[in-house]
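One structure is given below, encoded as structure tokens.
The values are calculated or read from the model by the stated rules, or taken from the named source; none is laboratory data. The model shown is predicted, which means the values in this text are computed figures rather than measured ones. With ideal geometry, Cβ positions are generated from the backbone for all residues, glycine too; neighbour counts draw on all protein chains shown. The accessibility values were calculated without ligands, DNA or RNA, using every heavy atom of the protein model including side chains. Shrake-Rupley method; radii C 1.70, N 1.55, O 1.52, S 1.80 Å.
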Amino acid sequence: IEDWIGVLLRKQGADLYRMKGVLHIAHATKKFVYHAVHMIFNGDFEDWDEGEPKSNKLVFIGKNLDKQSLQRGFEACLDTPQNRAKIEEAEMIKVFERQQNALLGAAQRDDVVAIKNILQSGAAVSYANSVGQTALHIATLWGNASAVEALVQAGAAVDQVNDLGAQTPLHLLAS
């Protein structure tokens, strides 16, 4: 749902004058109450009122809005047997990205214990961010010898080229 609303606000934010609603999020004990004005979104979990039906209510006010498209987009977010596999895949991708970003942060901080723990939890040692930087690139760039050693021992690719000048970690280490 978070991804769908984000895309909706980016693509149609100028046409969405106001958006508000209550969401019954799968496995959550509280309702999610949200509102948005154009591209500014705000929401929080709140307790359900006594006797309040646990359902979803969405209101969109704007121009050039396609009701069927909005309905299909929301339905694709529902926790149904048909959507479960797609939802689980999206959640796994988010977990993977958080894990990989944690590895890059640990390399920058020269935190060998965190690097080893993150790699043991299944992170890819040679994962590259949006500009091609791996944890090894970042560790060498920051001069973090302990992190470099831990990453190389874990099998990090020393010859992987980044998108910022086609540099390998060895290039960065030598410069």
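Some notes on this structure:
- Carbon + sulfur, % of accessible area of the chain - ligands and nucleic acids excluded, 1.4 Å: 54 percent
- Per residue, the accessible area of the chain comes to 62 Å² when a 1.4 Å probe rolls over the protein heavy atoms.
- Cα shape, segment 1-89, gyration tensor, a/c 1.5 rule: oblate
- For the chain, radius of gyration divided by Kirkwood radius, i.e. Rg to Rh on alpha-carbons: 1.13
- Virtual spin-label span in nm between residue 55 and residue 88, 7 Å along Cα→Cβ: 3.0 nm
- Spatial separation of Cα centroids for segment 148-175 and segment 101-124, in angstrom: 16 Å
- Contact order relative to length of the chain, as percent, for alpha carbon pairs under 8 angstrom and 6 or more apart: 14 percent
- Structure note, pairs 11/67; 94/116; 30/63; 11/54: Cα-Cα distances above 24 angstrom occur for 30/63; 11/54.
- Summing charges over neighbours of residue 87, with a neighbour being any other residue whose Cβ is under 13 Å away from its Cβ, gives -4 when K and R count +1 and D and E count -1.
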